[in-house]
Amino acid sequence: MMSTEFIGFTLDVIGKIMVAYTAIMVHYRFWKEHKIDEKVFRIMKQERLIGIFGVALIIIGYLLQIPSKL
């Protein structure tokens, strides 16, 4: 049986990933649907990449902490 701490930790990580994904998709949709200048486009592209990298770090951190939570 899984501990309450592990379940809470898992739900926390899932929630963070969902919020990050939502922010990334808002940037993506704005970029696709609105006319923006090159400077704004570059910044939004950087923010999107940073967001994707952040989600990857959350997942890696989660996987590294699983053994100590079980």
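The values are calculated or read from the model by the stated rules, or taken from the named source; none is laboratory data. Keep in mind the model is a prediction, meaning the values are calculated, not measured. Positions of Cβ are backbone-derived with ideal geometry, glycine not excepted, and every protein chain shown enters the neighbour counts.
Selection of the stretch 1-53 for residues being among the hydroxyl-bearing types (Ser, Thr, Tyr) and under 12 Å from the mean Cα position of the chain (by Cα) yields Tyr21, Thr22.
Listed here are the residues, each with its yes/no results for (1) at pLDDT below 80; (2) charged (D, E, K, R); (3) under 23 Å from Thr4 (Cα atoms); (4) in a helix (DSSP H, G or I).
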{"site": "Ile24", "(1), (2), (3), (4)": "no, no, no, yes"}
{"site": "His27", "(1), (2), (3), (4)": "yes, no, no, yes"}
{"site": "Phe30", "(1), (2), (3), (4)": "yes, no, no, yes"}
{"site": "Gln46", "(1), (2), (3), (4)": "no, no, no, yes"}
{"site": "Gly54", "(1), (2), (3), (4)": "no, no, no, yes"}
{"site": "Leu57", "(1), (2), (3), (4)": "no, no, no, yes"}
{"site": "Gly61", "(1), (2), (3), (4)": "no, no, yes, yes"}
{"site": "Ile66", "(1), (2), (3), (4)": "no, no, yes, yes"}
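Summed over the stretch 15-25, the residues that are farther than 11 Å from Gly51 by Cα and loosely packed, with under 12 Cβ neighbours inside 10 Å give a count of 2.
Restricting Arg48, Arg42 to those that are loosely packed, with under 13 Cβ neighbours inside 10 Å and of a type in the set (Lys, Arg) reduces the list to Arg42.
Contact annotation: residue pairs with Cβ atoms under 7 Å, 6 or more positions apart or on different chains, pairing a residue in the stretch 53-70 that is without any contact (Cβ under 8 Å) to a residue 40 or more places away in the chain with a partner that is in a helix (DSSP H, G or I), are Gly54/Ala20; Val55/Ile17; Val55/Ala20; Val55/Tyr21.
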